[in-house]
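Student: Dumping the structure here so I can ask a few things about it.
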Amino acid sequence: MVFKARARRSASIMGVFAALALSAAAPAPVRAESVLRIAMTAGDIPDWRGQPDQGFEGNRFVGYTLYDPMVQWDLSSRDKEVTIRPGLATKWYVDPEDSKRWIFELRRGVKFHDGCDWNADSAVWNLDRLISDKNPAFTPYNFGRARGRTNNIEKIEKIDDYKIAVYTKIVESLFYYNMPYLFMLSKCAVEKAGNDLNVYAKSPAGTGPYKFSSVVPRQRLELVKNPDYWDKARIPKHDRLVLIPMPEVTTRVAALLSGQVDWIEAPSPDTLPALKAAGMTIVTNVYPHTWPYLLNTVRGPFKDMRVRQAANYAVNRKEMVELLGGIAVPSYGMFIPAQKFYGKPFEYPFDPKKATALLKEAGCFPCEINIGISSSGSGQMQPLPMNELVKEQLEAAGFKVKFDVLDWNSLLDVYFKGQEKFPYDGINFSSGASDPLNFVKNQMSQYKGPVGTNWGSYTNAEVDELGAKVLASFDPAEQEAMITKIHEIIVREGRNLFIVSDLNPRAMSPRVKGFVQAQSWFQDLTPVTISDK
Amino acid sequence: MWYYALRRVLLAVPIALGVTMICYGLVYLAPGDPIQALLPPDASQEDVVVMKKLYGFDKPVPVQYALWLSRAATGDLGRSLQTGRPVFGEVTSALSNTIVIAACAVVIAFTLAFVLGTIAAYHLGRPTDRAVTAAAVVGVSIPNYWLGIVLVIIFAVNLGVLPATGMGSKGSTSFDLFDWEQAKYAILPVITMTMVPLGIIMRTTRSAVAEVLSQDFIEMLRAKGLGPLSVLRHAVRNAAPQVLSVMGLQFGYLVGGSILVETIFTWPGTGFLMSKAIMTRDLPLLQGTILILALTFVFINLVVDLAQTAVDPRIKRS
């Protein structure tokens, strides 16, 4: 230690002399490149050839950095709900003559990283390659990843050089909410690569605030600032962004504490005290990410609304928040209170006596339930200890809970195929009601699994009617009122067991400044600066 | 010898076939679907059907397997479902990364274990033996992922002398075992990987050498007036085949990569690759990785068998 201190002192003195000598000799100081190094939770680099994989983390770090969508999220504030704003399209509206024809007016003067122009031709080509296997740049993986957002697109048409029309199969007034998930690639770059996206991967070109620099497959992706970005307010304030996949949480924490990275995603609650003690900044914020049990409403005990309500009364949400070290808040619905569609849903108090009474009234006491849970997975938080606590709380009120622990991919399979083929009365499946379109569809009986993602086949005639009206209405105020009402109904009926909402924790070195954590799964990295100390 | 080697190479074919067949079957028996990981959670069942067709998963499983096998026989292991990159390149790149730490761990573990195991056998029942045996038990018993985390906390977080994670400052492309700035990334993974084979081989060496030392011919050698070192040389030579076979197995395990060690250190090797392939049901990647690892394992065992033949004339005679 003494040696270290002496060495440091000598180094400091030498450093001062060196600095003085340099300042006298050099005409202007050369600023060192500022580098932001982020450890992601993903097990691999999100695919950078268009539609990223690795869930929303892929969109966050690769989608919205290299590329732009036509409609963007406004991620500039931590205090207000995230809404959409113009991206590569400046304006969009439905054709007054045809409710299935959407007009997108495109931004002028935007260039891709390879110098090609963004215009109607590139917009039409981009959407077409995601839906048509006749497009030479069609790939099954981009088709698959975009499918949830493109399945209502019938065809695309160029109106003029900066205006396109997108035809939908059915009337969908909230159609434009699909657009933030579709990323625009340079047609020239793909054609130059012979329409082979594996060749294109060596020099990808979007219009985003960052340009591709280098990649070491499975290990790191390096992007650099795009100084010519069309949105001058969002030109990155650091020079280089390094993205490193690091699925193991203890590894991420060690990498941050040892200075190998500047920022880590999703530290676990038990690591927060150590991170705070080491002077790291913990950033959290509310966002539309809830951790519920989706309930089977057509078979088993949860077919009875009273049993669903009993479960909601039986859960002590505050205790769960304590278990999570405060990085969650109680949840009472599919939306969070910060969202305009939240409304005034019934907020189930912790009342185990009422829960027991409801179970007895429903003739299900003890009430045996079989729940599918996962051992890990995207957005699943800390599924094993959390589910153990839920089980303890439910059993205290008269439930008898059996868990089937599945790996994430298996649980996805259950979710995709709907409840019919599986013996589950519910599944623990985290969700994010980021946009109203998906929320509405998930409550409507016509979208029940396996056709859609209404897991549990929730059916309510009033909700179906309201949902149909929402999708047909082009009046935002009317839509808001109806979506809010749907939300209030499904909460009152205990459509799910609502438990907690995540607070989206991330930890960063004190060198990282200027980050504004929006109430979203997605974040804007461009304002971040890296100080020397 | 050459006939023996050829026979072993030919025997590798049914082994590889069996391994791939079992793997294919297991993946399909397990819940989940390779297509699920390619679609967003809100995609419809209709989309799943379309995707299955696009990837050829709509065909019966035996047909899929036969198609894969016919391509694999020509050296084409297909492309990863997730990344689209050729499986062969993915696996060989991961294998070369694993070999870096596996080879280092092997050299350290084998040398230390052989020397310490022999010393323990020679001092059987004495404090030296007990100390070595205790060390071996610790080596075998400590979960290596736990050891890895502890080493990271001590050397990377608290002391700040070694990196916590990764393979080189710029990834594996910049890694150079002869450049300290890069080589230091391998130190903690190598130590962690060394512990298990160290314990196992130490115990094997100890018992094999001790058993030989208790045999009559050793007494004979001593009676003939041979010194302790010469006697030990004879004992070690007789125990070598047994130790070599355990070493071969251990080297095979290490080359197969340790999912836990590689995940903790984010080391881009075969263990890390395989865990990703399993989690995402990336069937071509999983199949390709298992096939290449099985063949590598067979090859290592062949080399070990040939080495055994060379050091033990009894095997050659049989």
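Student: Which of B:TYR55, A:TYR67 comes first, and how do the rest follow, when ranked by fewest Cβ neighbours within 10 Å? Can you show the working numbers first?
Tutor: Working: B:TYR55 19, A:TYR67 29.
Fewest to most other Cβ atoms nearby, the residues stand as B:TYR55, A:TYR67.
Student: Only four residue types carry charge here, +1 at the Cβ of Lys and Arg and -1 at the Cβ of Asp and Glu. Report the dipole size of segment A:439-533 about the Cα centre in Debye, rounded to the nearest 20.
Tutor: Numbers: 10 positive and 11 negative charges, 107 e Å.
Rounded to the nearest 20 debye, it is 520 debye.
Student: Taking each pair of distinct Cα atoms in segment B:88-311 once, what is the resulting Kirkwood hydrodynamic radius in Å? Don't jump to the answer; show the numbers that get you there.
Tutor: Details: mean 1/r = 0.0528 Å⁻¹.
Answer for segment B:88-311: a Kirkwood hydrodynamic radius of 19.0 Å.
Student: Tabulate in residue order the Karplus-calculated ³J(HN,Hα) for segment A:470-475, using 6.51 cos²θ - 1.76 cosθ + 1.60 with θ = phi - 60°, rounded to whole Hz; enter x for Gly and Pro.
Tutor: Ordered by residue, 3J(HN,Hα) equals 4, 6, 9, 8, 10, 9 Hz.
Student: How fast does segment B:2-72 diffuse by Stokes-Einstein, in µm²/s, taking the Kirkwood radius from C-alpha pairs at 20 °C and 1.002 mPa s? Numbers along the way, then the final one.
Tutor: Values: Rh = 14.5 Å.
This corresponds to a translational diffusion coefficient of 148 µm²/s.
Student: May I pose another question? Report the relative contact order of segment A:140-230, percent, no decimals, based on alpha-carbon pairs under 8 angstrom and at least 6 residues apart. Could you put the intermediate results ahead of the total?
Tutor: Working: 82 pairs, mean separation 14.5, N = 91.
For segment A:140-230, the relative contact order is 16 percent.
Student: Report, as an integer, the average count of C-beta atoms from other chains found within 10 Å of each Cβ along B:7-14.
Tutor: On the way: counts 0, 0, 0, 0, 0, 0, 0, 0.
Per-residue shielding by partner chains comes out at 0.
Student: I would also like to ask the following. Can you tell me the dipole magnitude for the protein assembly as shown around its Cα centre, using point charges on the Cβ only (Lys, Arg +1; Asp, Glu -1), in Debye to the nearest 20? Each step should come with its number before you reach the end.
Tutor: Numbers: 88 positive and 78 negative charges, 468 e Å.
Roughly 2240 debye, rounded to the nearest 20.
Student: Kindly provide the pair-distance distribution of the protein assembly as shown built from C-alpha pairs, with 20 Å bins from 0 and whole-percent values in order of increasing distance.
Tutor: Final binned percentages: 13, 41, 32, 12, 2, 0.
Student: May I pose another question? Which of the listed residues, A:VAL199, A:GLN72, A:ASN442, is farthest toward the dipole's positive end in the protein assembly as shown, when Lys, Arg count +1 and Asp, Glu count -1 at the beta-carbon?
Tutor: A:VAL199
Student: Could you tell me how far the Cα centroid of segment B:201-230 sits from the Cα centroid of segment A:463-533, in Å?
Tutor: A separation of 74 Å, based on Cα centres.
Student: Where both residues lie in the protein assembly as shown, what percent of DSSP beta bridges are antiparallel, nearest 5?
Tutor: 70 percent
Student: Considering only Cα-Cα distances, which of the following residue pairs are longer than 19 Å: A:LYS441/B:LYS52; A:LYS360/A:LYS421; A:LYS441/A:LYS469; A:LYS91/A:LYS158; A:LYS303/A:LYS360; B:LYS59/B:LYS276?
Tutor: In this structure, A:LYS441/B:LYS52; A:LYS360/A:LYS421; B:LYS59/B:LYS276 exceed 19 Å between Cα atoms.
Student: Next question. When the Karplus curve 6.51 cos²θ - 1.76 cosθ + 1.60 is applied with θ = phi - 60°, which whole-Hz ³J(HN,Hα) does each residue of segment B:91-102 get, with x for Gly and Pro?
Tutor: 6, 5, 5, 5, 5, 5, 5, 5, 4, 3, 7, 5
Student: Under 10 Å, Cα contacts only: if you run a Gaussian network model on chain B, which one of B:MET247, B:MET279, B:MET202 comes out with the highest mean-square fluctuation?
Tutor: Result: B:MET279 has the largest fluctuation of those listed.
Student: I've got another one for you. If you add up the charges near A:LEU358, with Lys and Arg at +1 and Asp and Glu at -1, over every other residue whose beta carbon is less than 12 angstrom from its beta carbon, what do you get? Don't skip to the answer; put the middle values down first.
Tutor: Details: positive: A:ARG306, A:ARG308, A:LYS353, A:LYS354, A:LYS360; negative: A:ASP304, A:ASP351, A:GLU361.
Residues near A:LEU358 contribute +2 overall.
Student: Using the crude model of +1 on Lys and Arg Cβ and -1 on Asp and Glu Cβ, and no other charge, please compute the dipole size for segment A:330-479 relative to its Cα centre, in debye to 20.
Tutor: Details: 13 positive and 18 negative charges, 21 e Å.
Using Cβ point charges on Lys, Arg, Asp and Glu, segment A:330-479 gives about 100 debye.
Student: Which angle from 0 to 90°, rounded to the nearest 10, does the C-alpha axis of helix B:61-73 make with the longest principal axis of chain B?
Tutor: Helix B:61-73 sits roughly 60 degrees off the main axis of chain B.
Student: What is the spin-label model distance, in nm, from B:ALA183 to A:ARG101 if the labels are put 7 Å beyond Cα along the C-beta direction?
Tutor: About 7.1 nm, to one decimal.
Student: Turning to a different aspect of this structure: Can you tell me the orientation of helix B:228-255 relative to chain B, as the angle in degrees between its alpha-carbon axis and the longest Cα principal axis, to the nearest 10?
Tutor: On a 0 to 90 degree scale, this one is about 10.
Student: If amide hydrogens are placed 1.01 Å from N in the peptide plane, which non-local residues have theirs closer than 5 Å to the one on A:GLY456?
Tutor: A:GLN419, A:GLY449
Student: Here's something else I'd like to know. Work out the charge dipole of chain B with +1 on the Cβ of Lys and Arg and -1 on the Cβ of Asp and Glu about the Cα centre, then indicate which of B:GLN250, B:LEU286, B:ILE101 is farthest towards its positive end.
Tutor: Result: B:GLN250.
Student: Select from B:MET51, B:TRP68, B:LEU38 the residue farthest towards the positive end of the dipole of segment B:2-72; place +1 on Cβ of Lys and Arg, -1 on Cβ of Asp and Glu, and compute about the Cα centre.
Tutor: With unit charges placed on the Cβ atoms, the residue in question is B:TRP68.
Student: Counting only helical runs of four or more DSSP H residues, what would the 222 nm mean residue ellipticity of chain A come to if each run contributes -39,500 (n - 2.57) and the total is spread over all its residues?
Tutor: Numbers: 16 runs with 165 residues, N = 533.
-9000 deg cm²/dmol, from helical runs alone.
Student: Now for a separate question. How much net charge surrounds B:GLN287 when only other residues with a Cβ under 13 Å from its Cβ are counted (Lys, Arg +1; Asp, Glu -1)? Each step should come with its number before you reach the end.
Tutor: Details: positive: B:ARG71, B:ARG79, B:ARG281; negative: B:ASP76, B:GLU90, B:ASP282.
Around B:GLN287, the charge tally is 0.
Student: Turning to a different aspect of this structure: Using θ = phi - 60° and the Karplus relation 6.51 cos²θ - 1.76 cosθ + 1.60, list the HN-Hα couplings for segment A:97-114 in order, rounded to whole Hz, with x at every Gly or Pro.
Tutor: Along segment A:97-114, the couplings run 8, 8, 6, 9, 10, 9, 9, 10, 8, 9, 5, 9, x, 9, 10, 6, 4, 8 Hz.
Student: Compute a Gaussian network model of chain B, connecting alpha carbons closer than 10 Å, and tell me which residue from B:GLY256, B:GLY271, B:GLY56 fluctuates the most.
Tutor: Sorting by GNM fluctuation, first place goes to B:GLY56.
Student: Can you list residues whose amide H is under 5 Å from A:THR90's amide H, if they're 5+ apart or on another chain and H is modeled 1.01 Å from N?
Tutor: Residues meeting the criterion, in which the H sits 1.01 Å from N, are A:GLU105, A:LEU106, A:ARG107.
Student: For A:LYS340 and A:ALA472, what is the calculated FRET efficiency with R₀ set at 22 Å and r taken between the beta-carbons, to the nearest 0.05? Please report the intermediate quantities before stating the final value.
Tutor: Values: r = 20 Å, r/R0 = 0.92.
Once the sixth-power term is evaluated, E becomes 0.65.
Student: Largest first and to the nearest Å, give the Cα extent of segment B:63-187 along each principal axis.
Tutor: That works out to 62, 38, 26 Å along the principal axes.
Student: Aspartates and glutamates near A:LYS232 by alpha-carbon distance under 18 Å, same-chain residues fewer than 8 away left out - which ones?
Tutor: Straight-distance partners of A:LYS232: A:ASP68, A:ASP74, A:ASP117, A:ASP524.
Student: Would you mind computing, in nm to one decimal, how far apart the modelled labels at B:THR128 and A:LYS402 are, each placed 7 Å from Cα along Cα→Cβ?
Tutor: That separation, rounded to one decimal, is 6.1 nm.
Student: A:GLN519's amide H: which non-local residues (gap 5+, or another chain) put their own amide H closer than 5 Å, with H modeled 1.01 Å from N in plane and none for Pro or chain starts?
Tutor: Under 5 Å from the amide H of A:GLN519 lie the amide H atoms of A:VAL82, each far enough along the sequence or on another chain.
Student: While we're here: Taking chain B as a Gaussian network, Cα atoms linked when under 10 Å apart, which of B:GLN182, B:GLN45, B:GLN36 shows the biggest mean-square fluctuation?
Tutor: Taking springs between Cα atoms under 10 Å, the residue moving most is B:GLN45.
Student: If we count every other residue with Cβ under 14 angstrom of A:ALA278's Cβ, Lys/Arg +1 and Asp/Glu -1, where does the sum land? Please report the intermediate quantities before stating the final value.
Tutor: Numbers: positive: A:ARG252, A:LYS276, A:ARG511; negative: A:ASP262.
Neighbour charge sum, excluding A:ALA278 itself: +2.
Student: Sticking with this one: I want to check the label-to-label distance for B:LEU67 and A:VAL298. Put each point 7 Å from Cα in the C-beta direction and report it in nm to one decimal.
Tutor: Result for the modelled spin labels: 3.2 nm.
Where a number appears in this text, it was derived from the coordinates with a stated rule and is not lab data. Note that this is a predicted model, so its numbers are computed, not measured. Cβ: placed from backbone, ideal geometry, glycine included. Neighbour counts: every protein chain shown.
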